[in-house]
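Everything on this sheet refers to the single structure shown next.
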Amino acid sequence: MEHEEEVRRQRHDLRQHLNVILSELQAGRYGEIEAYVRELTEQIPVNRDVTWCDHSVANALLSYYVSSAEAENVQCEIRAQIPASLPHVSDGDLCVLIGNLLENALEACQRMKEGPKTLTFRARVQGELLAVTVDNTYDGKVRFYRGKYLSSKRDAPGTGLQSVTSVAKRHGGEAVFESGGTTFRSNIYIRI
């Protein structure tokens with residue numbers, strides 16, 4: 001809706017700009033037209049609308065987190081083959097799964113004081129399974145309690161990882177988290 005409103009506003013503004021250009025053209029002020037058009041060109045935002053996959057919820061989350069990551073100088077690699085429809089997986093469950101994985105990965109990169117910050121997201125359907133893998137760099141510090149990763153924010157298991165695990169189990173799948181060196185990996189598969 002915000003995008004549609006912005007497009008409406010831009011169309012309205014475009015008429016005003018074209019009136020100025022037409023007036024300058026009729027007066028033969030070509031130098032002024034060139035300067036005006038250059039100024040307008042510099043004001044046009046770069047279009048970052050990228051289609052990462054066919055699923056609208058997954059695409060929206062990927063767009064949001066990639067944009068956030070790039071603003072934090074985190075290099076992203078995205079390979080997502082998620083179909084437009086996952087009949088047995090709700091948009092809400094997919095949102096919980098992808099949103100928590102990307103949020104955790106981005107937060108881990110943000111905590112890094114040195115070294116390259118990278119986030120790799122891979123998702124694809126293999127038979128009746130959706131496999132999702134997220135690799136991200138992190139500062140090498142992890143805390144465990146009874147075989148579970150603890151949150152970086154408090155002394156309790158991470159809520160995001162618990163939510164991801166719950167969604168995976170609810171859909172007959174599994175969530176496995178691994179850390180080593182400076183890379184944290186999340187491997188999830190769910191039945192679709």
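The values are calculated or read from the model by the stated rules, or taken from the named source; none is laboratory data. Worth saying up front: this structure is predicted, and the values here are computed from it rather than measured. All Cβ positions, glycine included, derive from the backbone under ideal geometry; neighbour counts span all protein chains shown. Surface accessibility is based on the protein's heavy atoms, side chains included, excluding ligands, DNA and RNA. Shrake-Rupley method; radii C 1.70, N 1.55, O 1.52, S 1.80 Å.
Data table
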quantity	calculated
Test: residue in region 55-62 that is open to solvent by less than 50 Å² (accessible area, probe 1.4 Å), touching a Pro at 6+ places or on another chain (Cβ under 8 Å) and modelled with pLDDT of 90 or more	yes
Residues that are within 17 Å of the chain's Cα centre (by Cα) and among the small types (G, A, S), drawn from region 86-105	G92, G99, A105
Residues (out of contact with any helix residue (DSSP H, G or I) (no Cβ under 7 Å at 6 or more places or on another chain) and among the polar types (S, T, N, Q)) located in region 153-192	T159, Q162, T165, S166, S179, T182, T183, N187
Pairs where the first residue, in region 79-93, is of a type in the set (G, A, S) and the second is open to solvent by less than 60 Å² (accessible area, probe 1.4 Å), C-beta under 6 Å, 6+ apart	A80/C53; A80/A123; A84/H55
Of all residues making up region 78-95, the number that are among the aliphatic types (A, V, I, L, M) and farther than 17 Å from A131 by Cβ	1
Exclusive hit being assigned to a helix (DSSP H, G or I), more than 30 Å from L106 (Cβ to Cβ) and not hydrophobic (A, V, I, L, M, F, W, C), set S67, S23, S63	S23
Failed item in (1) of a type in the set (D, E); (2) part of a loop (DSSP other than H, G, I, E, B); (3) touching a residue at least 40 places away in the same chain (Cβ under 8 Å), with D54 passing the rest	(3)
Matching strands (runs of 3 or more DSSP E) fully within region 99-180 where at least 1 residues are modelled with pLDDT of 95 or more, crowded, with 19+ Cβ neighbours inside 10 Å and touching an Asp or Glu at 6+ places or on another chain (Cβ under 8 Å)	118-126
Single condition Q16 does not satisfy, out of (1) at pLDDT 80 or above; (2) surrounded by 10 or more Cβ atoms within 10 Å (Cβ to Cβ)	(2)
Counted residues, region 64-98 - those being within 27 Å of I192 (Cβ to Cβ), of a type in the set (D, E, K, R), open to solvent by 80 Å² or more (accessible area, probe 1.4 Å) and out of contact with any strand residue (DSSP E or B) (no Cβ under 6 Å at 6 or more places or on another chain)	1
Residue within region 70-80 that is in a helix (DSSP H, G or I) and under 29 Å from Y138 (Cα atoms) present	yes
Residue match in region 30-46 (condition: loosely packed, with under 13 Cβ neighbours inside 10 Å and within 30 Å of C95 (Cβ to Cβ))	yes
